Every structure is written in C-alpha cells, then in structure tokens.
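Data block below; observations after.
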C-alpha cells in the first residue's frame with residue numbers, strides 16, 4: 001500500500017501553497033476522504049476499511065505487527081512505508097476502535113509529531129488519520145492529559161493550514177470539518193474560532209468557506225434564540241467575521257438580524273420573561289454584542305446599510321446603561337467600533353452616548369469596572385475624531401474624568417486604561433483645542449509621561465496632533481512641562497506622518513526661539 005517510486009503523486013508533493021490554484025486543484029477529487037489520488041492506495045485503504053468494519057478487532061493480531069514494523073522504519077528512504085502505515089491506522093480507525101481504544105493515547109501521541117514531518121504526504125495523511133479518531137479525542141478532553149493532547153492536535157492542524165503544500169492545507173481543513181461533526185461542538189467552535197484568528201484573511205477562499213460554513217450555518221439555523229448552545233457558536237462567528245472581513249458579506253444580514261432579535265428578546269425577558277418567552281441570561285446579550293462588533297470590524301463601512309435599517313442604536317444605548325459590567329463592557333466596545341465605521345447613525349443620540357460613557361470614568365468602583373471604563377474611554381476617543389466639534393458640550397466633563405486617571409498611575413489602574421486615557425485626551429484636544437488648552441497646565445506632565453509609554457501607531461499620532469494643537473493655542477501652558485513634552489516626543493521611533501512630523505518640528509523650533517534658550 002506504499003507509493004511506487006514513479007508515482008505521479010510524489011511529483012505533486014512539493015511546496016505549492018503560494019502558487020495560484022490550477023483547474024485540477026479546484027475540481028473534486030474522487031478519492032478516499034479527499035486524500036489518496038492513486039488507485040492502488042485508494043483500493044487498498046478502502047479494502048482495509050471494509051475488512052475492519054466486517055471483522056472488527058479480529059484483524060488486529062495480523063495487521064498491527066505489520067503496521068508497527070513500518071512505523072518503526074527509519075531513514076528518508078522508508079518514508080513511503082511510514083506513510084502507508086499511517087494510512088492503514090486511519091483506515092481501520094472506525095472498524096477496530098474497540099481494540100485500538102486502550103492504546104489510543106499512544107497512537108495519537110505518535111501521530112502528532114508526524115504533522116510536522118518533512119514529507120508532505122506524511123503530513124497530509126496524518127491530518128486525515130487523526131480526524132478518524134476525532135470523536136474519541138474530543139471525548140478525552142475532560143481530563144488534563146486528554147485536554148493537553150487535544151491542544152497539541154489543534155495547534156498542529158493550525159500549522160498545517162498554513163503549510164507550503166496545497167494537499168496538506170486541504171487535509172488540515174478537512175480534519176477540522178470532521179471535528180465539527182463530533183458531539184463536543186463547543187470545542188469545535190473554539191477550534192474554528194482559533195483557526196480564524198490564526199490565519200486571518202487567508203481563510204477567505206471559496207474552497208475553505210465551502211468546508212467550514214455550511215455545517216456552521218446549518219447548526220445556526222437549528223438552534224433557537226434561547227438555546228445556550230448559541231454562545232460558543234456566536235463566539236465562533238465573531239472570529240470568522242473578523243477574519244473574513246468583507247468576505248463575510250454574504251452571511252452578514254441574517255447574522256446581524258438575529259443578534260438584534262436576541263438582544264431585544266433578552267431585554268424584554270429581563271422585565272417580563274413570560275412575554276419574551278425566554279428567561280433572562282445576560283450572556284446572550286454579551287455574545288450578540290461581541291458578534292456585532294466582529295461584523296463592524298470585518299465589514300467596515302459595509303455594515304452601514306444593516307445598521308440604518310435596524311434598531312441597533314437604541315438597543316445599544318440601553319446596553320451601555322445596563323447594570324451588568326460585562327454587558328456594558330461589550331456595549332462600549334461596539335459603540336467604538338460603530339463610531340469608526342458608521343458614526344452618522346449615532347448622531348441622533350450622541351449626547352446620551354457621551355454622557356453615559358463619561359460616567360464610566362468617574363465612579364468610585366473604577367478598579368472593579370476597569371474594563372468597562374477602558375472601552376468607554378476608547379469609544380469617546382473614536383467618536384471625537386469622527387464628530388469633531390459636536391463633542392464640545394462634554395469635552396471638559398470628559399477631560400475632568402481623564403486627568404485623575406493620568407495623575408495617579410501608582411494606584412494600580414490598568415495600563416491599557418492609562419494609555420487610552422492619554423490617547424482620548426489628545427483626541428479631544430485635537431478636535432477642540434480652544435476648550436482644552438486653557439487647562440493644559442494641570443495635566444501636561446502626567447499626560448506626557450503616559451504618551452511616552454505608548455507604542456508608535458495611528459492612535460499615538462492622533463494624540464500628538466492634539467498636543468500640537470494645544471501648544472499652538474496656548475504655548476505658555478506647556479512651558480513648565482517642556483522637558484516632559486520633549487521626552488514624549490523622543491519616545492517616537494519614527495513619526496511616519498509627514499504632516500505630524502513637520503508640526504512637531506515647528507513646535508520645537510518655536511520654543512527654541514524663546515529667550516530662555518538664548
């Protein structure tokens with residue numbers, strides 16, 4: 001059952017993952033489970049599969065010594081024997097499972113390293129053989145050893161999704177599809193979500209979507225809005241939406257609308273479970289808000305048409321005022337995401353959003369609700385750079401909440417909250433410098449210290465645009481903090497924006513002309 005030396009399949013076992021798909025790559029392969037494209041291999045494996053289902057464990061005393069001998073063969077010249085032995089294990093994996101089960105942990109432990117074998121055909125067949133044992137692998141995750149083994153399989157398959165060989169890529173994807181069919185769907189959803197997070201936009205290919213999406217959509221349609229099995233599925237769709245980007249458009253409308261329906265039902269259930277026909281569970285709202293955030297991140301401005309025809313704005317405002325911390329945390333994350341891609345649909349209730357967001361920064365329980373405050377702070381900053389002067393009514397209120405956070409970093413507040421506070425303060429100063437600059441003496445030093453700790457990115461650029469705008473409006477306000485400002489400027493590895501670079505140079509040149517430097 002090993003490959004012959006002149007087998008054409010060996011010629012295909014090369015690094016071709018980066019090459020464009022050929023017609024034959026996209027056409028269906030009428031082969032055993034998508035892997036064996038040579039007639040001899042196909043028929044031999046099919047025969048073993050048939051024999052194992054007819055005779056069960058009776059064939060193991062005859063077969064296993066041969067398999068073990070071939071698996072033990074070493075050296076590059078014996079790779080075809082090892083590949084055939086792995087194929088044989090997969091072929092009997094279902095029919096002989098009773099006899100193999102006591103040794104399954106050792107078998108799987110042997111197969112996992114083969115996912116990284118130097119020979120592509122061994123890597124691909126190892127994916128398939130592991131998938132044949134997936135039901136029992138999943139059942140074993142309730143104990144630590146089984147869970148650790150599952151993690152190793154998952155990470156191995158993820159690596160093979162990114163393999164340089166197309167056959168191996170296909171094998172790894174098919175192994176994931178097989179896992180989906182097993183009973184422990186929560187683990188599978190997590191695996192697919194992890195896959196999406198790992199490969200990102202590479203997942204947005206028809207051949208992968210045709211494998212992943214139909215079973216997920218079928219399960220999505222089977223579950224009711226009050227079924228808790230929706231939780232992991234919603235989380236899975238969140239990762240997929242973020243990975244596919246605009247490629248998720250074809251699935252977006254029903255997913256978006258169902259999230260809206262779930263939030264509406266749960267908000268009613270909180271007041272009147274009988275009318276809602278469901279018991280309140282905040283996790284339904286949290287997962288739905290997170291999925292909507294994933295849609296906003298993935299679709300970008302493409303989500304605008306969905307938002308415009310929905311009641312999302314009003315539902316979101318209610319969620320931002322919810323009693324539950326985690327609901328508010330997800331709600332403000334979504335608020336920030338919507339501010340980035342379709343702020344026009346927030347305008348009619350902008351003062352209310354800003355007011356409730358500012359309140360999250362001025363609470364005696366700030367340490368306990370730091371994640372809520374962090375997301376609210378970030379959302380305010382995202383709104384600021386989109387609506388500009390419309391921020392005016394709340395600018396000083398927000399600044400008065402941000403300054404204490406910057407002035408007392410020693411109290412143990414989250415590092416991310418301090419950084420977001422510095423960025424949001426800069427964004428407010430950028431859009432309303434005439435309102436913020438008169439007060440800059442009170443916060444310049446701690447603000448500049450916080451700015452100096454932020455890595456180079458677009459948000460840091462926004463904050464420094466605010467710094468420049470304030471200094472232009474009130475040059476004397478920064479004099480006592482000039483050293484701190486220079487240290488903040490020096491924290492840049494590179495200011496990529498030419499405009500910002502020129503602004504910073506002009507600011508420094510202006511101070512250099514002052515008499516104190518003569």
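Bear in mind these aren't lab numbers, they're just calculated from the coordinates by the rules spelled out. Keep in mind it's a predicted model, so treat the numbers as computed, not measured. Cβ placement follows ideal geometry from the backbone for every residue including glycine, while neighbour counts extend to all protein chains displayed.
Structure summary
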| item | result |
| --- | --- |
| Rounded Å value of the spacing that divides the Cα centres of the range 83-115 and the range 197-256 | 31 Å |
| From the C-alpha gyration tensor of the range 184-310, square roots of 5λ in Å | 25, 17, 11 |
| Packing-based exposure ordering (other Cβ within 10 Å, fewest first) of 434, 419 | 434, 419 |
| Cα shape, the chain, gyration tensor, a/c 1.5 rule | prolate |
| Stretchable slack from residue 325 to residue 363, in nm (0.36 nm times residue separation minus alpha-carbon distance) | 12.4 nm |
| Prolate/oblate/rounded call for the range 32-180, Cα gyration tensor, a/c under 1.5 rounded | rounded |
| Least to most buried among 137, 125 (fewest other Cβ within 10 Å first) | 137, 125 |
| Per-residue [θ]222 nm for the chain (sum of -39500 (n - 2.57) over DSSP H runs n ≥ 4, rounded to 500) | -21500 deg cm²/dmol |
| Cα centroid separation - the range 477-515 against the range 367-428, whole Å | 23 Å |
| Extension gain from residue 479 to residue 279, taking 0.36 nm per residue of separation minus the Cα-Cα distance | 66.0 nm |
| Rounded, prolate or oblate (a/c below 1.5 giving rounded, otherwise prolate when a/b exceeds b/c) for the range 377-510 by Cα gyration tensor | rounded |
| Cα centroid of the range 446-468 to Cα centroid of the range 272-325, whole Å | 32 Å |
| Sequence of 470, 321, 391 once ranked by neighbouring C-beta atoms within 10 Å, starting from the fewest | 321, 391, 470 |
